[in-house]
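The values are calculated or read from the model by the stated rules, or taken from the named source; none is laboratory data. Owing to the predicted nature of the structure, the values given are computational and were not obtained by experimental measurement. Here the Cβ positions follow ideal geometry from the backbone for every residue, glycine too, while neighbour counts run over all protein chains shown.
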Amino acid sequence: MASTAGVCNSFKTELFNATHNLSTDTIKVALYTTSATMTPSTTTAYSATNEVSGTGYTAGGATATGNTVQLNTNTAAFTIANVAWPTSTITAACYALVYNASKSNKAIAIIDFGGAFTDTNGTFTIPMPAASTGLVTYS
């Protein structure tokens, strides 16, 4: 699955307002269909509109684990462990929204899969970048 991630504009300003604590807050990942309008410039929070549904998937998505914040040669990086839905049947997942459930479901980043992906009674997995690379970085 080739994908690109974009940091939500609302998240950028919320960092300067000390809204998020990415090390301790509950971070979640939700999946969306091709009908969703997901852009870093306009998406500000989790919404159930155009979220995928299916066996093994719960509305609101999965809770992320392995939240890591670190500094790598003058670049701050945040990432999470790979997110997976085992024994799932998910149809036409096109986007993932990484959001902060502890802070009113505020959006952090959008992952665009570059197309619609379907999983039938298998494990739907989103590979995340290593902590050294980061899902979200600031230099």
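Which residues, taken from segment 31-43, are modelled with pLDDT of 95 or more and closer than 12 Å to residue 109 by Cβ?
Within segment 31-43, just 43 meets the criteria.
Could you check segment 1-19 and list, in sequence order, the residues that are surrounded by 14 or more Cβ atoms within 10 Å (Cβ to Cβ), part of a loop (DSSP other than H, G, I, E, B) and over 13 Å from the mean Cα position of the chain (by Cα)?
Within segment 1-19, 19 is the sole residue that qualifies.
Please determine whether any residue of segment 67-77 is closer than 15 Å to residue 124 by Cα and either touching a helix residue (DSSP H, G or I) at 6+ places or on another chain (Cβ under 9 Å) or of a type outside the set (Gly, Ala, Ser) (or both).
no
Considering only residues that are small (Gly, Ala, Ser) and under 16 Å from the mean Cα position of the chain (by Cα), look in segment 117-139 and name the one that is modelled with the lowest pLDDT.
Filtering segment 117-139 for residues that are small (Gly, Ala, Ser) and under 16 Å from the mean Cα position of the chain (by Cα), the one modelled with the lowest pLDDT comes out as 131.
Taking segment 20-77 as the region of interest, how many residues are surrounded by 12 or more Cβ atoms within 10 Å (Cβ to Cβ), part of a loop (DSSP other than H, G, I, E, B) and not hydroxyl-bearing (Ser, Thr, Tyr)?
Residues that pass the stated criteria total 15.
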